[in-house]
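K.L.:
Could you have a look at this structure, given as structure tokens, before my questions?
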Amino acid sequence: MFVEVTNVSKVYQTGEVSYQALKGVDLSVEQGQVCVILGPSGSGKSTLLNAIGGIDTVEDGTITIGGKTLTAMDDRQLTEYRREDIGFVFQYYNLIPNLTVAENVEVVTEIAAAPLSREEVLKAVGLWEFKDRFPSELSGGQQQRVSIARAVVKNPKLLLCDEPTGALDYETSKEILKLLQTINREYGTTILIITHNQAISAMAHRVVRLRSGEIIENRLNDHILSPERMEW
Amino acid sequence: MILRKKVLRSLNARKSQYIGSVLLILISTLLFSAFYSAGTNVTDSLQQFRQQAVEEDAHFFLQAPLQEEAAWEARYDLTLEERTYHDVSFAKDALLRVLRETKEIDRYALLEGEKLTGADQILLDRGFADAHDLQIGDDLSLPGGTFHVVGFMTVPDYIYPLKSETDLVKNPQAFGVAVVTADGAARLGDGSTFYSVTFGKDNKEAFKSDLQQNNFILRWIDKQDNQRMTFVDGDVKGALQVAEVLPVAILLLTIVLVSSVFSRLLKQEYVQIGTLYALGYRKREILRHYLGYPTLLALIGGGLGTVLGVLLSPSVQGMFASFYNLPPITGGVSLGVVLISLLLPFVFLLPATAYLILRVLRLPPLHLMSGQVTQPKIGRLEKRFRHLKLRFAARFQVRELLRNSGRNLLMIVGTAFASMLLLFGFVTQDSMDSLMGEQYEAIYRYNYQYLFNTFQQDPPQQGEKLSLAAFDATTASDKKTTILVYGIEPDAELIRFQDEQGARLDFQDNIMTKSLAKQLDVQAGDDVSLVNQLTSETVTLHIDRIADSYLGNLIYLPLDRFNELNGFPQGSYLGVITNDKAGYPADQLYSVTDSEELQAGYQAMIEPLRYMVFAIAGVAIVIALIVIQLLTSMLIEESQQKVSMLKVLGYRPKELYKLLLGPNTWLVLIGYLLAVPLTILSLQQMFNSLTEEMNVSFPIQLNAANFFIGLAIMLVTYQVSKLFAQRKLKKVSLQASLKAARD
């Protein structure tokens, strides 16, 4: 398995109040699969994604990605892991406002070991002609495309998408999901998507449902749909 | 790195804040490179000149000519040179002191023109020549005939051309020096004779004591007591202090301001930093990126400041050379100074900003991206003043003040710093005015002081008798200082002292000036030990009263007691003070002091000081503008959402200005009020250290008029910077609040 999450628990402590975000979660995803993690707010899906992305730690359990055990890594190793293996797509894009589209992508090509061509990726997301614009000169959907281009350009082993359509309208959301599916197919990138939107699970190879820090459903999807055919 | 572009664009987007920081760095490095170079070059040139010209260690006047000079030189391993001078009247009221050319000690240095070769040639000090419009090639008609001006010169014992060694101010309109050959001096007739000496080893006291037994020393002046020679050292020290203290102080202020701007920038970029983390950027890469900001500021400010400083340095040197009678000052700005000047901003800025960045980098990326860390916290003060019974506007302003205590403190510190700079000029001017103006006029009520070169016994033609002798004493800080002890008639009317309460002092008592009492830590009723400079004998004097005067290190005794103390003949005296000009023959006189001349000299000296006050005030206003403008622009940037929301709610621009910018007036006021005692204290310290070599001390004062002028300047400066702020407030869009809510 490419992604192996075994018996993972996470507790948040705020003053005297503690909150268990993950309770012994087990999850496996094969390389090249799209996995959609569903769940309401507070279910622990973002915590799980962040732990897999190496930007948060867990108290118990192990996480292994492509044979690398994250839970045994120190800060420096986690940085190297994020640098080489992981691509992030955020709900609010998190672009650097005073860099152009091309430069926002270059932020990653600068540090990645074997990045893809910036032009190729920007063309793939349909933004090559907007490469000299600043984020504020783009629509929300276009900004999310830049965010995806930035994540993909390092040719990551694993693409983590945190509510990638959460801030977008229906049509734009479909375009973004289509783009993610294309990337999965063309580059063979393993993709984990967390979302509130149950309809998105139709494009996934694996569907996982979380509630109160526990997995209540984990199934394979035999009838994968193209995002154009999805409705919500 | 692509992120470099982000640095440039961010700086450009907030240029109003960063330009201020760059300007402050520029001012500090400019001051450092210009003044430090000038100060060290003047010091080096001065030292070189003093060595080449063989500066005297002391000079003295004797009752009778010195016999067997060579024997004295051999016995005490010293060099002696007999010197003569002629004080000749020049033009209407001026006096030209014509010195005979020397061979071994205090040799002249030619500044322009040709060296002396004939008996009809004369070299002038440039200040006097300029004041009297004399050029090389002119002929001067002096008592011995016509002298041809062949050049300009300087001599080490008249670097600051004062008529008397104890004077404070030069006046080239009234006094100047010249040098002629020995034959030329003979043409002028009999002159006054004195001796200059340099010692091969430390045996001054033995020599003086031997000399006193064989002859009678009328006056002995060590070089450190000779204002003509030492005044320049105090001034150079002042320039070096300006070069060392002011740039560091401005840089410290810059650090505080840049740190403040920068920590706000970091706060606004928490999400970006978290994203860079998530993208795999290493801490050191993020650190390096953010250090690009202060690096660029330091590079631009330090680079421009250093270049301007290098360009300005020759002018500062020229100023010294022309104010003092100095030989051309050689040496430009050294590579070392340029390097320090370039590095100084980095040394100050980088550690402070690195600390801020590292503090942010300690936060986990998730926290940074969540934006939770940037949520404003409610402070203890705010909680305490939760229920304010005030009008809404007042409550709003109080909340603004309470919430932004850091920024408020910065505003107070910044305005206090600028106010201090502004007040430095005012306080210096007021203190000098008080010392030379009010105090001098209130105490010294005579117009002329005549000092004779021998003891007088007959009653004076007019005026009152006085006598004086120089003594040494040890100060509370264990340093040697020279004291002039005067003997005056107990019923003297032409000198009047008061105590602190304003009561007139009686000259039956032994009276000490307050400046001296402070230095020696003496109270009325104490005894002081003094060492006679001529005889090296130690005497003890009981001090009855302290006079409220800062005009020199002086003690006044009744004349009879003075003569007894010094072993002088009963009833003798060495000087006369009078209101009317007296006709004493020149060969009987050691010196003549004209109060009007002194006042004119003071006015001439105070003139450049006034320009300096304006210049300092200009720099202070610029700094105040930078600081206030930077902080108000920061305030508006942070309040964008609030401003936008208030605009949406229908607030008029004027109401907005009042709400947001109103409280700052109080902060400017507090800053100014804090600056007053700080200025007085720091100037007191500075003058104490500068005047160590000068045997004077200054009462530090700030007059009410200048206090209010300073306050008005600061408030007007604030109003001007408010105009910039108002423009910025107008630009805040109505959508800002809605966008912010979505982000």
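The values are calculated or read from the model by the stated rules, or taken from the named source; none is laboratory data. No experiment lies behind these values; they were computed from the predicted model shown. Using ideal geometry, Cβ is built from the backbone for each residue, glycine included, and neighbour counts are taken over all protein chains shown.
K.L.:
All but one of (1) surrounded by 17 or more Cβ atoms within 10 Å (Cβ to Cβ); (2) free of Cβ contacts under 8 Å to residues at least 12 places away in the same chain; (3) more than 14 Å from chain A (Cβ to nearest Cβ) hold for B:GLN47, so report the exception by its number.
P.N.:
Evaluating B:GLN47 over (1) surrounded by 17 or more Cβ atoms within 10 Å (Cβ to Cβ); (2) free of Cβ contacts under 8 Å to residues at least 12 places away in the same chain; (3) more than 14 Å from chain A (Cβ to nearest Cβ) leaves (1) as the failure.
K.L.:
Show the residue pairs that are 6+ apart or on different chains and have beta-carbon atoms under 7 Å apart, the first residue being within the range B:269-290 and aromatic (Phe, Trp, Tyr), the second being part of a helix (DSSP H, G or I) and modelled with pLDDT of 90 or more.
P.N.:
Every condition considered, the pairs that remain are B:TYR290/B:ILE357.
K.L.:
Moving on to the next point. Got a sec? Which strands (runs of 3 or more DSSP E) wholly within the range A:33-112 have at least 1 residues that are at pLDDT 90 or above and surrounded by fewer than 20 Cβ atoms within 10 Å (Cβ to Cβ)?
P.N.:
Result: A:60-65.
K.L.:
Looking for something of a type in the set (S, T, N, Q), part of a strand (DSSP E or B), out of contact with any Ser or Thr (no Cβ under 6 Å at 6 or more places or on another chain) and within 30 Å of B:PHE194 (Cα to Cα) - is there at least one such residue anywhere in the range B:428-450?
P.N.:
no
K.L.:
Another one. Would you confirm, using the coordinates I've provided, whether A:GLU119 is within 12 Å of another protein chain (Cβ to nearest Cβ), free of Cβ contacts under 8 Å to residues at least 40 places away in the same chain and part of a helix (DSSP H, G or I)?
P.N.:
It is false that A:GLU119 is within 12 Å of another protein chain (Cβ to nearest Cβ), free of Cβ contacts under 8 Å to residues at least 40 places away in the same chain and part of a helix (DSSP H, G or I).
K.L.:
A further question on this structure: When residues of the range A:152-163 are filtered for being within 16 Å of A:LYS123 (Cβ to Cβ) and crowded, with 24+ Cβ neighbours inside 10 Å, how many remain?
P.N.:
Residues of the range A:152-163 within 16 Å of A:LYS123 (Cβ to Cβ): A:152-153, A:155.
Checking the rest, the ones that are also crowded, with 24+ Cβ neighbours inside 10 Å come to A:152-153.
Qualifying residue count for the region: 2.
K.L.:
Which of the residues that make up the range B:295-306 are within 32 Å of the chain's Cα centre (by Cα) and either of a type in the set (D, E, K, R) or surrounded by fewer than 18 Cβ atoms within 10 Å (Cβ to Cβ) (or both)?
P.N.:
Matches in the range B:295-306: B:LEU299, B:GLY303, B:LEU304.
K.L.:
For the range B:239-294, how many residues are at the interface with another protein chain (Cβ under 10 Å from one of its Cβ atoms) and either under 31 Å from the mean Cα position of the chain (by Cα) or of a type in the set (Ser, Thr, Tyr) (or both)?
P.N.:
Residues in the range B:239-294 being at the interface with another protein chain (Cβ under 10 Å from one of its Cβ atoms) and either under 31 Å from the mean Cα position of the chain (by Cα) or of a type in the set (Ser, Thr, Tyr) (or both): 3 in total.
K.L.:
Could you count how many residues in the range B:474-489 are at pLDDT 90 or above and part of a loop (DSSP other than H, G, I, E, B)? Please lay out each step first, then the result.
P.N.:
Looking only at the range B:474-489, we keep the residues that are at pLDDT 90 or above, and these are B:485-489.
Going one step further and asking which of them are part of a loop (DSSP other than H, G, I, E, B), we end up with B:489.
Summing the residues that are at pLDDT 90 or above and part of a loop (DSSP other than H, G, I, E, B) in the range B:474-489 gives 1.
K.L.:
Can we say B:LEU66 is in a loop (DSSP other than H, G, I, E, B), in contact with a strand residue (DSSP E or B) (Cβ under 7 Å, 6 or more places away or on another chain) and in contact (Cβ under 8 Å) with a residue 24 or more places away in the chain?
P.N.:
yes
K.L.:
A:ASP56 is checked against (1) in contact with a helix residue (DSSP H, G or I) (Cβ under 9 Å, 6 or more places away or on another chain); (2) more than 14 Å from chain B (Cβ to nearest Cβ) and fails just one. What number does that condition carry?
P.N.:
If we test A:ASP56 against (1) in contact with a helix residue (DSSP H, G or I) (Cβ under 9 Å, 6 or more places away or on another chain); (2) more than 14 Å from chain B (Cβ to nearest Cβ), just (2) comes out false.
K.L.:
Do you know which of the residues in the range B:103-121 that are charged (D, E, K, R) and closer than 26 Å to B:PHE199 by Cα is surrounded by the fewest Cβ atoms within 10 Å (Cβ to Cβ)?
P.N.:
If we take residues in the range B:103-121 being charged (D, E, K, R) and closer than 26 Å to B:PHE199 by Cα, then B:LYS103 is surrounded by the fewest Cβ atoms within 10 Å (Cβ to Cβ).
K.L.:
Is there any pair linking a residue in the range A:84-106 that is more than 7 Å from chain B (Cβ to nearest Cβ) and closer than 15 Å to A:THR165 by Cα to one that is assigned to a loop (DSSP other than H, G, I, E, B) and acidic (Asp, Glu), with Cβ under 7 Å and at least six apart or on different chains, and which?
P.N.:
Taking only residues 6 or more apart or on different chains, the pairs are A:GLN91/A:GLU163.
K.L.:
Test B:GLY463 against the stated conditions and say whether it is over 30 Å from B:MET612 (Cα atoms), surrounded by 15 or more Cβ atoms within 10 Å (Cβ to Cβ), touching a residue at least 24 places away in the same chain (Cβ under 8 Å) and in contact with a helix residue (DSSP H, G or I) (Cβ under 7 Å, 6 or more places away or on another chain).
P.N.:
In short, no.
K.L.:
Continuing with this model, one more query. Limited to the range A:132-149, what total is found for residues that are under 23 Å from the mean Cα position of the chain (by Cα) and assigned to a loop (DSSP other than H, G, I, E, B)?
P.N.:
Residues flagged as under 23 Å from the mean Cα position of the chain (by Cα) and assigned to a loop (DSSP other than H, G, I, E, B) within the range A:132-149 amount to 2.
K.L.:
Please work out if A:GLU186 is among the acidic types (Asp, Glu) and assigned to a strand (DSSP E or B).
P.N.:
Numbers: among the acidic types (Asp, Glu): yes; assigned to a strand (DSSP E or B): no.
For A:GLU186, the condition - among the acidic types (Asp, Glu) and assigned to a strand (DSSP E or B) - is not met.
K.L.:
Any idea which residue in the range B:50-94 is farthest from B:ALA206 (Cα to Cα), counting only those that are of a type in the set (Gly, Ala, Ser) and loosely packed, with under 15 Cβ neighbours inside 10 Å?
P.N.:
Here the residue is B:ALA91.
K.L.:
Could you tell me whether any residue of the range A:35-44 is touching a residue at least 60 places away in the same chain (Cβ under 8 Å) and within 11 Å of another protein chain (Cβ to nearest Cβ)?
P.N.:
Checked against the condition, which is being touching a residue at least 60 places away in the same chain (Cβ under 8 Å) and within 11 Å of another protein chain (Cβ to nearest Cβ), the range A:35-44 yields no hits at all.
K.L.:
Run A:PRO135 past the list (1) modelled with pLDDT under 90; (2) away from chain B (no Cβ under 12 Å); (3) more than 30 Å from A:GLU4 (Cα to Cα) and report the number of the one that doesn't hold.
P.N.:
With respect to (1) modelled with pLDDT under 90; (2) away from chain B (no Cβ under 12 Å); (3) more than 30 Å from A:GLU4 (Cα to Cα), A:PRO135 is out only on (2).
K.L.:
Please verify whether the range B:18-40 includes one or more residues that are facing chain A (nearest Cβ under 10 Å), closer than 16 Å to B:VAL261 by Cα and not small (Gly, Ala, Ser).
P.N.:
No, the range B:18-40 contains no residue that is facing chain A (nearest Cβ under 10 Å), closer than 16 Å to B:VAL261 by Cα and not small (Gly, Ala, Ser).
K.L.:
Do we find a residue being touching a Gly at 6+ places or on another chain (Cβ under 6 Å), of a type in the set (Val, Ile, Thr) and within 14 Å of chain A (Cβ to nearest Cβ) anywhere in the range B:1-9?
P.N.:
Yes; the residues of the range B:1-9 include at least one that is touching a Gly at 6+ places or on another chain (Cβ under 6 Å), of a type in the set (Val, Ile, Thr) and within 14 Å of chain A (Cβ to nearest Cβ).
K.L.:
To continue, here is another question. Across the range B:509-530, which residue is farthest from B:LEU551 (Cα to Cα) among those that are in a loop (DSSP other than H, G, I, E, B) and in contact (Cβ under 8 Å) with a residue 24 or more places away in the chain?
P.N.:
Checked the range B:509-530; the qualifying residue farthest from B:LEU551 (Cα to Cα) is B:ASP509.
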